[in-house]
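Working notes for the structure below.
The values are calculated or read from the model by the stated rules, or taken from the named source; none is laboratory data. Computed from a prediction, not measured in an experiment: that's the story for all the values here. FYI the Cβ positions are ideal-geometry reconstructions off the backbone, even for glycines, and counts take in every protein chain you see. Just the protein is used for accessible areas: all its heavy atoms, side chains included, with ligands, DNA and RNA removed. Shrake-Rupley method; radii C 1.70, N 1.55, O 1.52, S 1.80 Å.
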Amino acid sequence: MINPRPARLPARLGVLVSGQGTNLQAILEAIKRGELDAAVSVVISNRAEAMALQRAAAFGVPTAVVLHRDYPNRLSHQLAIAEILQSYRVDLVVLAGFDRILVPEFVRTFPYRIINIHPSLLPAFAGTLHAQQEALEYGVKVSGCTVHFVTEEVDAGPIILQAAVPVLDDDTVETLSARILEQEHKILPQAIQLFAEGRLEVIGRRVRIKSQG
Ligand code: GRF
């Protein structure tokens, strides 16, 4: 049994982003409202144009841009990111719309200390950046989102929380994505709070949520 928990409170978060950063915003707002016993220590993007960087700056959070094209391979790029995360002594690495697949060396640096939000009910539509489109094309009637620990297999780590949404007949990728995103913004901060409280117990593939207190 593994019981990942922060070294101290508030839990120190390193958030990796590539895009618009609405999940990052949800985390920052949950902290501001006092619902999340955490602090975002650093936000790292692999894309200079990511709107997430502006959202971080608006909250006074330090940011770093580590462009993958500046490095010869995935390993050296991710080791550079890992070094920054370690320099900020982060307790938890949160992938909030980070569009690179993590190399095993990175994952091993933060065992059970990396979580990801994926816009499907895993294990459905794993390993894709187009999960909402694939859900529509497949014709599922229910989809949703999943927060899971990141292990060396892509999108296959132990599941912490999931939320389901209906798929409607007239849905487009945009309307379905928006409905899923609304749930992402709830369960990602919730999962981080469970980690902060030391309430997650990983037993094999299953994550048990300990009751409070
Ligand atoms: C979300 O749909 C998330 O599930 C996926 O990437 C998207 C990121 O959105 N991994 P945002 O950048 O947080 O707005």
Exercise. Select from the range 112-127 the residues that are within 10 Å of the ligand (Cβ to nearest atom), assigned to a loop (DSSP other than H, G, I, E, B) and under 13 Å from Ala156 (Cβ atoms) and list them in ascending order.
Key: Ser120
Quiz item: Where residues in the range 174-192 are touching a residue at least 40 places away in the same chain (Cβ under 8 Å) and within 11 Å of the ligand (Cβ to nearest atom), which of them is most open to solvent (accessible area, probe 1.4 Å)?
Solution: His185
Quiz item: Looking only at the range 193-213, which residues are crowded, with 19+ Cβ neighbours inside 10 Å and either in contact with a Phe, Trp or Tyr (Cβ under 8 Å, 6 or more places away or on another chain) or modelled with pLDDT under 95 (or both)?
Solution: Val207
Quiz prompt | Candidate set: the range 99-111, residues that are outside any helix (DSSP H, G or I) and aliphatic (A, V, I, L, M); chosen: the one farthest from Val61 (Cα to Cα) | solution = Val103
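Say whether the condition of being small (Gly, Ala, Ser) and either within 12 Å of the ligand (Cβ to nearest atom) or closer than 21 Å to Ile84 by Cα (or both) is met by at least one residue in the range 27-34.
Keep residues of the range 27-34 that are small (Gly, Ala, Ser), which gives 30, 34.
Narrowing the set further to residues that are either within 12 Å of the ligand (Cβ to nearest atom) or closer than 21 Å to Ile84 by Cα (or both) leaves none.
Looking through the range 27-34, none of the residues is small (Gly, Ala, Ser) and either within 12 Å of the ligand (Cβ to nearest atom) or closer than 21 Å to Ile84 by Cα (or both).
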Exercise. Report whether or not Val17 is of a type outside the set (Asp, Glu), within 16 Å of the ligand (Cβ to nearest atom) and open to solvent by less than 30 Å² (accessible area, probe 1.4 Å).
Key: yes
Quiz item: How many residues are within 12 Å of the ligand (Cβ to nearest atom) and either open to solvent by less than 10 Å² (accessible area, probe 1.4 Å) or not in a helix (DSSP H, G or I) (or both) if we restrict to the range 35-55?
Solution: 5
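Per-residue answers, yes or no, for (1) β-branched (Val, Ile, Thr); (2) free of Cβ contacts under 8 Å to residues at least 40 places away in the same chain; (3) farther than 22 Å from His148 by Cβ:
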| position | (1), (2), (3) |
| --- | --- |
| Val15 | yes, no, no |
| Glu35 | no, no, no |
| Ala39 | no, yes, yes |
| Asn46 | no, no, no |
| Gln54 | no, yes, yes |
| Ala58 | no, yes, yes |
| Val61 | yes, yes, yes |
| Asp70 | no, yes, yes |
| His77 | no, yes, yes |
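If you take the residues of the range 60-98 that are part of a loop (DSSP other than H, G, I, E, B) and within 16 Å of the ligand (Cβ to nearest atom), which of them is farthest from the chain's Cα centre (by Cα)? Break it down into steps so the answer makes sense when it comes.
Applying the first criterion (part of a loop (DSSP other than H, G, I, E, B)) to the range 60-98 yields 60-62, 66-67, 71-73, 88-91, 96-98.
Narrowing the set further to residues that are within 16 Å of the ligand (Cβ to nearest atom) leaves 61, 96-98.
Numbers: Val61: 17, Ala96: 4, Gly97: 7, Phe98: 8 Å.
Among those that are part of a loop (DSSP other than H, G, I, E, B) and within 16 Å of the ligand (Cβ to nearest atom), it is Val61.
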Exercise. Could you look through the range 128-153, keep only residues that are under 18 Å from Val17 (Cα atoms) and open to solvent by 70 Å² or more (accessible area, probe 1.4 Å), and pick out the one that is nearest to the ligand (Cβ to nearest atom)?
Key: Leu129
